[in-house]
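What follows is one structure encoded as structure tokens, with my remarks underneath.
The values are calculated or read from the model by the stated rules, or taken from the named source; none is laboratory data. Owing to the predicted nature of the structure, the values given are computational and were not obtained by experimental measurement. Glycine also receives a Cβ, built like all others from the backbone with ideal geometry; neighbour counts cover every protein chain displayed. Each accessible area value is taken on the protein alone, full model and side chains, heavy atoms only, with ligands, DNA and RNA left out. Shrake-Rupley method; radii C 1.70, N 1.55, O 1.52, S 1.80 Å.
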Amino acid sequence: DKIKNIKSEKELSYITKPIKRGELIKKAGNLFFNKKESTVFSEKSIKPSSAIKVLIAEDNEINITTISALFKKFMEINPVIARNGKECVEAALREKFDIIFMDIQMPVMNGIEATMEIRKNSSYKDTPIIAMTAYAYQEDREKIISSGVNEIVVKPFKNEKIHEIIEKYFRGGD
């Protein structure tokens, strides 16, 4: 009966593959005990995915695969990948992106330099740039923020954090 009574989109959830026993038990428990999850996404909660253009600047292949899969599988967004800061700046000059996820430590040009270059372009004045870094020290955070990023995601990050960021900047309503 409980499953038949689920009508609200706010009660929808997802489980990533491969399915882990503990996660399945937790999700089932949330469903049957009416617990709301912190990150729930419906088709109406963010702009249509085809409308969101994402640029990811990352040099680590494992991180590229992980974050690209997250965008493709759960948000149906096909991100553009830049493998260093210079490629990121060049991509941003070629086309306009709605959000940029920027690794801080990359070859050729680091994420701080790339962010400052991108911010020089007036069309990127209000574009969210999200720093992805393993550095969580306060002095590093201050330097990163002062370069022009909107916020910092510490690696390794959870899928839910990326979902929260996308919803924060692209919540529907228009």
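Tabulated data for the structure shown
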{"quantity": "Radius of gyration, Dmax [the stretch 81-171; alpha carbons; angstrom]", "calculated": "12.4, 35"}
{"quantity": "Qualifying trypsin sites (Lys or Arg not before Pro) for the stretch 71-112 [loop in DSSP, other Cβ within 10 Å: at most 13]", "calculated": "Lys96"}
{"quantity": "Largest-first ordering by accessible area, 1.4 Å probe, given options Thr115, Thr66", "calculated": "Thr66, Thr115"}
{"quantity": "Surface accessible to a 1.4 Å probe, Leu93 within the full protein complex, Å²", "calculated": "120"}
{"quantity": "Violating pairs (Cα-Cα greater than 19 angstrom) within the set Lys72/Lys125; Lys86/Lys155; Lys72/Lys120; Lys53/Lys143; Lys53/Lys73; Lys96/Lys143", "calculated": "Lys72/Lys125; Lys86/Lys155; Lys72/Lys120; Lys53/Lys143; Lys96/Lys143"}
{"quantity": "Solvent-accessible surface ranking, highest first, for Arg141, Arg119 at 1.4 angstrom", "calculated": "Arg141, Arg119"}
